[in-house]
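Input: a single structure, listed below in structure tokens.
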Amino acid sequence: MRFFISADIEGVTGINSWSETNKNNPDYSEFRTQMSKEVVAACEGALAAGATDIVVKDAHDSGRNLRIEDLPKEVKLIRNWTHPYSMVFGIDKTFDALAFIGYHSPSGSNENPLAHTMSSVQIHQMTLNGDICSEFMLHSLVARSLGVPSVFLSGDKGICNLSKKMEPQIETVSTISGTGNATLSNNPKQTVPAIKSGVEKALKKDLESFSLELPEHYILDTRYTKHPLALRASHYPGSTLIDSYTVRYEADNILDVMKFVMFCI
């Protein structure tokens, strides 16, 4: 069994502030370590379920957060950025399943002080076919387009709930819940083993039973934080400026949507 993991940080246990996500700040080290513990737990759960090949995409900020020496020997690590598949770069049709670790609520949500979609600086809100768009939404659709089911997610309570609306079969572990700038965190002594057992449980399901459907057509509306950003993005082929802050892009496949995201965010 081949297993892919996409790992972010804004949804790991205990996290609360942007300073805790930044490599240049002293409190980053604590949450880099927690990110690593949760990824290791997911790997161990996959191995217990029979995975023989695991690839992890370090999908936070620089893409250079995880240390390969902290991961089980069966794991390969993808660092940095290069492709429209973005946070799941490296996934292909040969993988049997995908998990998301440390994921977070989208821009426009009050479920996490760090809620955002692809950029906390440029994006006020993004919708896809009328629904508030999360990073989970985008990348689970990428995986499904390749025939790979999204079977597990850990992160804040909000993204756990949203993921189940898209994929009812998905196993989730809630790490934190947020209101405004405050968070209520579960204890890592609870979440880390729960991630391990959750991944193992997910991979022991009938993977054919995961039912996420691909839309026939995609309408991505991106509302930028500054109007010059929207004007610039409106020059991307196929884009339309809806108002001073909002750009619409339409496509018939998720790869084209991700190309827009790559070049316009």
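Once the Kirkwood radius over Cα pairs is known for the chain, the Stokes-Einstein relation at 25 °C and 0.890 mPa s delivers a diffusion coefficient of 134 µm²/s. Compared with the dominant principal axis of the Cα atoms in the chain, helix 188-203 is inclined by about 80°.
With charges set only on the Cβ (+1 for Lys and Arg, -1 for Asp and Glu), what does the dipole of the stretch 1-78 come to about its Cα centre, in debye to the nearest 20? Walk me through the intermediate numbers first.
On the way: 9 positive and 13 negative charges, 55 e Å.
Once rounded to the nearest 20, the dipole reads 260 debye.
Simple spin-label estimate for ASN80 and LEU214 gives 3.0 nm between the two label positions (7 Å along the Cα-to-Cβ direction from each Cα).
When a 1.4 Å probe is rolled over the protein heavy atoms, the share of accessible surface on the chain that falls to carbon and sulfur comes to 49 percent.
Here the simple spin-label model places points 7 Å from the Cα toward Cβ, and for SER29 and LYS165 these points are separated by 4.0 nm. The three principal axes of the C-alpha atoms in the stretch 1-72 carry coordinate ranges of 38, 21, 18 Å, sorted with the longest axis first.
Which whole-number percent of Cα pairs in the stretch 1-127 have a distance greater than 16 Å? Write down the numbers at each step before the final one.
Details: 4965 of 8001 pairs.
Cα-Cα pairs of the stretch 1-127 separated by over 16 Å account for 62 percent.
Using every pair of distinct Cα positions in the stretch 167-265, the Kirkwood expression returns a hydrodynamic radius of 17.1 angstrom. Note on the stretch 81-120: along the principal axes its Cα atoms extend 37, 21, 13 Å, ordered by decreasing extent.
Ranking ALA233, TYR218, GLN169 by Cα position along the charge dipole of the chain, where only Lys, Arg, Asp and Glu carry charges on their C-beta atoms, puts ALA233 farthest toward the positive end. Here the sum of -39500 (n - 2.57) over DSSP H runs of 4 or more residues, divided by the residues of the chain, equals -9000 deg cm²/dmol at 222 nm, to the nearest 500. Taking amide H as placed 1.01 Å from N in the peptide plane, LEU153 has its amide H under 5 Å from the amide H of PHE100, GLU171, THR172, VAL173, each at least 5 places away in sequence or on another chain. Quick check: the angle from helix 157-166's long axis to the longest principal axis of the chain, C-alpha only, nearest 10 degrees? Helix 157-166 sits roughly 80 degrees off the main axis of the chain. Given the options LYS57, LYS189, LYS204, state which has the largest fluctuation in a GNM of the chain using a 10 Å cut-off (strictly under) for Cα springs. Result: LYS189 has the largest fluctuation of those listed.
In this label model, VAL121 and PHE263 are separated by 2.1 nm, measuring between points 7 Å along each Cα→Cβ vector.
Surface exposure of the stretch 152-217, expressed per residue as accessible area with a 1.4 Å probe, stands at 53 Å².
Based on C-alpha pairs under 8 angstrom that are at least 6 apart in sequence, the chain has a relative contact order of 21 percent.
How many times 2.2 N^0.38 Å is the alpha carbon radius of gyration of the stretch 138-216?
Normalised by 2.2 N^0.38 Å, the Cα Rg of the stretch 138-216 equals 1.18.
Summing Cβ point charges (Lys, Arg +1; Asp, Glu -1) relative to the Cα centre of the chain gives a dipole of roughly 380 debye.
Sparsely packed loop sites in the stretch 136-235 (the GluC sites (Glu not before Pro) outside DSSP H, G, I, E and B with at most 12 other Cβ atoms within 10 Å) comprise GLU213, GLU216.
The stretch 218-260 and the stretch 85-151 have Cα centres spaced 17 Å apart.
Can you give the Kirkwood hydrodynamic radius for the stretch 133-183, in Å, rounded to one decimal and based on Cα pairs?
Hydrodynamic radius (Kirkwood, Cα pairs) of the stretch 133-183 is 11.5 Å.
The values are calculated or read from the model by the stated rules, or taken from the named source; none is laboratory data. Small disclaimer: the values here were computed from a predicted structure and weren't measured. FYI the Cβ positions are ideal-geometry reconstructions off the backbone, even for glycines, and counts take in every protein chain you see. Just so you know, the surface numbers come from the protein's heavy atoms only, side chains and all, with ligands and any DNA or RNA stripped out. Shrake-Rupley method; radii C 1.70, N 1.55, O 1.52, S 1.80 Å.
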